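The values are calculated or read from the model by the stated rules, or taken from the named source; none is laboratory data. What you are looking at is a predicted structure, and each value in this text was computed from that prediction instead of being measured. Note: ideal-geometry Cβ built from the backbone for every residue, glycine included; neighbour counts use all protein chains shown. Please note that ligands, DNA and RNA were not included when accessible areas were found on the heavy atoms of the full protein model with its side chains. Shrake-Rupley method; radii C 1.70, N 1.55, O 1.52, S 1.80 Å.
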Amino acid sequence: MEKSANIYIAGHRGLVGSAIKRRLEQLGYTNLVYQTSKELDLRNQRAVEEFFRAAGPHYVFLAAARVGGIQANNTYPAEFIYENLAIQTNVIHAAHRHGVKKLLFLGSSCIYPKFTPQPIKEEYLLGGQLEPTNEPYAIAKIAGIKMCQAYNRQYGTRFISVMPTNLYGPNDNFDLANSHVMPALIRKFHEAKRENRPTVTVWGTGTPEGNFCMWMTWQMPACSSCSIIMTVKLST
Ligand SMILES: NC(=O)C1=CN([C@@H]2O[C@H](COP(=O)(O)OP(=O)(O)OC[C@H]3O[C@@H](n4cnc5c(N)ncnc54)[C@H](OP(=O)(O)O)[C@@H]3O)[C@@H](O)[C@H]2O)C=CC1
Ligand SMILES: C[C@H]1O[C@H](OP(=O)(O)OP(=O)(O)OC[C@H]2O[C@@H](n3cnc4c(=O)[nH]c(N)nc43)[C@H](O)[C@@H]2O)[C@@H](O)[C@@H](O)C1=O
């Protein structure tokens with residue numbers, strides 16, 4: 001990516017988008033474009049089309065999504081499938097229509113079957129039942145990946161997808177009802193210690209210790225990888 005390239009970061013205030021923004025700024029990219037969800041609601045196809053026409057980005061990082069932990073996914077399955085399908089469909093299609101050179105779509109490791117062999121291989125996708133608590137979100141993510149692949153095959157676009165595990169880092173969501181496990185536990189333990197409470201309530205059976213550790217992927221390496229994927233693949 002040229003340092004002066006017009007780069008659109010969708011979701012620049014979120015955990016992943018803000019890390020990508022910081023990383024690109026560190027690397028000397030000077031022409032970053034971003035809008036809050038209030039300024040540009042990516043569920044609105046016409047607004048997205050108009051934005052791409054006016055802003056003309058060369059590269060797109062698609063880190064805007066409806067995101068949440070197990071409880072949010074399980075409570076709002078309709079919003080999780082609708083909002084994610086709408087956001088990603090509008091952005092990926094507009095990127096194709098407006099000749100975006102490369103797009104990075106943020107998927108999720110929850111696209112793989114619940115009982116998939118470990119370590120997970122890419123070919124295990126669609127090989128079994130998904131985890132029911134976040135199936136609508138996972139289906140939307142799978143649709144996004146397949147949409148990128150379909151546009152690449154038919155139109156020769158260069159749209160790629162990454163599947164991060166459960167992430168934690170700056171600008172994470174610490175809301176106890178909606179957050180992922182890491183920020184939730186940090187907040188719970190922090191508040192319990194501050195208020196001198198003897199116990200902390202952790203959800204579930206308390207047994208998934210192994211998975212816990214595996215999911216504790218730190219944010220900066222993940223987001224460095226996102227910008228490295230964009231950079232490295234372009235030069236090959
Ligand atoms: N966090 C994690 O553990 C993981 C995240 N991912 C994926 O990475 C991506 C980023 O996640 P993360 O950074 O955690 O999410 P956050 O919730 O931290 O940020 C999401 C961003 O999306 C934007 N957004 C949401 N809805 C809309 C909308 N309708 N129009 C425009 N913008 C919108 C928000 O913008 P605004 O702030 O302006 O409202 C926000 O900045 C997502 O695709 C997610 O599925 C994948 C695996 C794990
Ligand atoms: C990356 C992936 O992240 C999400 O999936 P998840 O990993 O299941 O979500 P989670 O982080 O909320 O939970 C991880 C585990 O932790 C346990 N757990 C214990 N105590 C708390 C607790 O206090 N809060 C939360 N949230 N979980 C807790 C919880 O019961 C579960 O077993 C997807 O929805 C989707 O967003 C996605 O893509």
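Numbers at a glance
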read-out: GLU79/SER4 FRET efficiency (R0 35 Å; Cβ-Cβ; nearest 0.05); value: 0.40
read-out: Angle in degrees between helix 219-234 and the longest Cα principal axis of the chain, rounded to the nearest 10; value: 20
read-out: Value at 222 nm in deg cm²/dmol, rounded to 500, when DSSP H runs of n ≥ 4 in the chain each add -39,500 (n - 2.57); value: -14500 deg cm²/dmol
read-out: With all protein chains modelled, accessible area of TYR76 [1.4 Å, Å²]; value: 100
read-out: The stretch 7-166, relative contact order in percent, only Cα pairs under 8 angstrom and at least six apart counted; value: 23
read-out: Fully extended contour minus Cα-Cα distance, from LEU126 to ASN196, at 0.36 nm per residue; value: 20.5 nm
read-out: On Cα atoms only, tilt of 135-155 relative to the major axis of the chain in degrees; value: 20
read-out: For THR205, solvent-accessible area (1.4 Å; no DNA, RNA or ligand), Å²; value: 110
read-out: Only Lys, Arg (+1) and Asp, Glu (-1) charged, at Cβ; the chain dipole about Cα centre in debye; value: 500
read-out: Carbon and sulfur %, accessible surface of the stretch 119-165 computed with the full protein complex present, 1.4 Å; value: 51
read-out: Top positive-direction residue, dipole computed over the chain with Cβ charges, set LEU130, HIS12, GLY69; value: HIS12
read-out: Lysines with Cα under 27 Å of LYS146, excluding same-chain neighbours fewer than 8 positions away; value: LYS21, LYS101, LYS102, LYS114, LYS121, LYS233
